[in-house]
1. Over segment 10-75, calculate the relative contact order: mean separation of alpha carbon pairs under 8 Å at least 6 apart, over the residue count, as a percent.
2. Work out the length of the dipole vector of the chain about its Cα centre, built from +1 on the beta-carbon of each Lys and Arg and -1 on the beta-carbon of each Asp and Glu, and round it to the nearest 20 debye.
3. Which residue, V229, V48, V286, has the most motion in a Gaussian network model of the chain that connects Cα atoms within less than 10 Å?
4. With a point put 7 Å past each Cα toward its Cβ, work out how far Y79 is from F52 in nm, to one decimal.
5. For the chain, what is the mean residue ellipticity at 222 nm derived from helices alone (per DSSP H run of n ≥ 4: -39500 (n - 2.57); sum divided by total residues; nearest 500 deg cm²/dmol)?
6. Can you tell me what share of the DSSP beta bridges in segment 122-235 is antiparallel? A percent to the nearest 5 is fine.
7. Under the classification rounded if a/c is under 1.5, otherwise prolate if a/b is larger than b/c and oblate if not, where does segment 119-176 fall, given a ≥ b ≥ c as square roots of the Cα gyration tensor eigenvalues?
8. Using modelled amide H (1.01 Å from N, peptide plane; none on Pro or chain starts), what sits under 5 Å from the amide H of S86, excluding residues fewer than 5 places away?
Amino acid sequence: MTTSDKRPSTRLVHSGSHPERYKGVMNTPVYRASTILFPTSDAMKQGVKNRFESVFYGRHGTPTTMALEEAVADLERGYRSIAVPSGVSAIMVSLLSFLKSGDHLLMTDTAYSPSRDICTSFLANYGVSTDFYDPMIGAGIKELIRPGTKAVFSESPGSLTFEIQDIPAIAEVAHAHGIKVIMDNTWSAGFFFKPFEHGVDVSIQAATKYLAGHSDVMAGIVTASNEEVWKTLKNTSAYLGMCLGGDDAYLTSRGIRTLDVRLEQHQASGLKLAEWFKAQPEVERVLHPAFPECPGHDTWQRDFTGASGLFGILLKNLPNHSLSIMLDNMELFGMGFSWGGFESLLTLTSPPPKRSAIPWAAVGHLLRVHAGQEDPDDLIDDLEAGFKRLREAL
């Protein structure tokens, strides 16, 4: 079915679905495969020649992973996608595709911690240098470019503190110097922000989160702006042996079918919770891109079409024991890593965010909030009880 002329919700339902190939089955079935048999020696030679375009060997893809890749490329309006085992593996494939010993990387200072750690440990050990830059730098990134700069890595909004970057301004400068722009687009799920309309060359998503959406999958997706970029990424993923299993690919494809209605609920609940937090005397600041006080809010209004359910709150400087009493007894909010699933999460960020370009100066505790699919009024009741415990413990 051709869906390129359809509206987003319709495309999510039908992209990557080929019932005519599978006896009317809407979702591409799970293929668990290593060996693929060929009927003739000539067919096998042709399979080797076209190994990235057809089912050749399980590690290079199956109909199940290819259906997922087709759906995500359509979602983000990219050229083609590559399915890998996790968000971190998507980051690794993207960086290693365009960096080698002696090269220089510009990494946003507000990046997801594993992204920072890849730079300071793994890449540094292989002779790649990294400078961390202020996420609000925009076109000013020109001043940080060196002769050996090969990539700019962005994440908008930033992990934990939710600054929105001016991606078009960064991309214009980067492309003028022949530099690739890589973006972690997990927060928007590729639904609220279309990276390739704003100059991004490589878009990364931890499909573990909103794409799969049910807290039971580990997966990553890398999407390319054009054929040349895709071939580079595909070769790198093959060299690294990155492949996603059929079951996880199937579950992620299934999750995509309901992405828009889930995000609508995440967004509405997140905004309602953020407004509630803003009214609490213990809260110093709400870190939500939809709020005018969030750095980059005007850019969010210009470039994004909505907000997901993940945001942060900065508390005033409160005793650790009172925070523990509040968090340890929440009924609906869980404490755990990841986000993007059906459940709400409330996680204390400690120690403070790692920063080098713009040191984090706030003295209060930072909480990361994910608004799940529960009724927001029930979530607020849980928060009110939690803040009551906190106040009684002060």
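1. That works out to 40 percent.
2. Values: 36 positive and 45 negative charges, 260 e Å.
For this selection, approximately 1240 debye.
3. Comparing V229, V48, V286 in the GNM, the peak value goes to V48.
4. So the two model labels end up 0.9 nm from each other.
5. On the way: 12 runs with 134 residues, N = 394.
So the calculated ellipticity at 222 nm is -10500 deg cm²/dmol.
6. Once the DSSP bridges in segment 122-235 are tallied, antiparallel ones form about 35 percent.
7. Verdict is oblate for segment 119-176.
8. Placed amide hydrogens put G220 under 5 Å from S86.
Every number here is computed from the coordinates shown, using simple stated rules; none is lab data. Remember, it's a predicted structure, so these values are computed and weren't measured experimentally. Ideal geometry is used to build each Cβ from the backbone, glycine not excepted, and the neighbour counts take in all protein chains shown.
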